[in-house]
Amino acid sequence: AIERTFSIIKPDATRRNLTGAVNAVIEKAGLRIVAQKRILLTTAQAETFYAVHRARPFFGDLVAFMTTGPVVVQVLEGEGAIAAYRDVMGATNPANAAEGTIRKLFAESIEANSVHGSDSAENAAVEIAQFFAQNEIVG
Ligand code: CMP
């Protein structure tokens, strides 16, 4: 089925001017960027976004990292987009990421891992709604 997933190009990637390079991998994988904007996350937005990780030891560092610079939030559309994007991103830890994946190509560390992608259809809907109005998504 055609799905939509939510993506963030993280501050480590925008800092190194890799937005276009990441987008090229996304598009080459057959995913369509149907919404996109470059923003600075507030601490409150980052805490809300990562609320599921609130109890984890890395939560504070993660929120701090995500507010160190611009991010690019995106909606990606395509056949099986949620799983397809997770394949294209590669493993959370770039040390474990497969060749050709975004994290293998670009990530600096398990935290500064260049991209986020939704892990389920339910979370994709919640994450998209945090950042985009319906009329900002043009399929
Ligand atoms: P993401 O897919 O955005 O989901 C949660 C984020 O937390 C993850 O990517 C990493 O940026 C970060 N993260 C996950 N595990 C760790 C960890 N063990 N140490 C530090 N950061 C982590």
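Listed values, structure above:
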read-out: Carbon + sulfur, % of accessible area of segment 27-132 - ligands and nucleic acids excluded, 1.4 Å; value: 52 percent
read-out: HN-Hα J in Hz across segment 88-94 - Karplus 6.51, -1.76, 1.60, θ = phi - 60°, x for Gly and Pro; value: 5, 5, x, 4, 3, 8, x
read-out: Cα centroid separation, segment 88-121 to segment 22-66 (Å); value: 12 Å
read-out: Extension gain, GLU136 back to GLU79 (0.36 nm per residue minus Cα-Cα distance, nm); value: 18.5 nm
read-out: The chain - convex hull of alpha carbons, volume per residue in Å³; value: 100 Å³
read-out: Helical contribution to [θ] at 222 nm, DSSP H n ≥ 4, -39,500 (n - 2.57), averaged over the chain, rounded to 500; value: -10500 deg cm²/dmol
read-out: Of LEU62, ASN93, THR43, farthest towards positive along the dipole that unit charges on Lys, Arg, Asp, Glu beta carbons give segment 1-126; value: THR43
read-out: Table column - 3J(HN,Hα) (Hz), segment 42-54, Karplus curve with 6.51, -1.76, 1.60, x for Gly and Pro; value: 7, 4, 5, 5, 5, 5, 5, 4, 9, 3, 4, 9, 3
read-out: Probe 1.4 Å, protein heavy atoms only - accessible area per residue of the chain in square angstrom; value: 50 Å²
read-out: Environment charge at ALA81 (Cβ cut-off 11 Å; Lys +1, Arg +1, Asp -1, Glu -1); value: -1
read-out: Added length on full extension, which subtracts the Cα-Cα distance from 0.36 nm per residue, ASN123 to ALA55; value: 22.7 nm
read-out: Only Lys, Arg (+1) and Asp, Glu (-1) charged, at Cβ; the chain dipole about Cα centre in debye; value: 320 debye
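The values are calculated or read from the model by the stated rules, or taken from the named source; none is laboratory data. Since the structure is predicted, the reported quantities are computational estimates derived from the model, not experimental observations. Because the Cβ atoms are built from the backbone with ideal geometry, glycine has one as well, and the counts that use them run over all protein chains shown. Note: areas computed on protein heavy atoms with side chains; ligands, DNA, RNA excluded. Shrake-Rupley method; radii C 1.70, N 1.55, O 1.52, S 1.80 Å.
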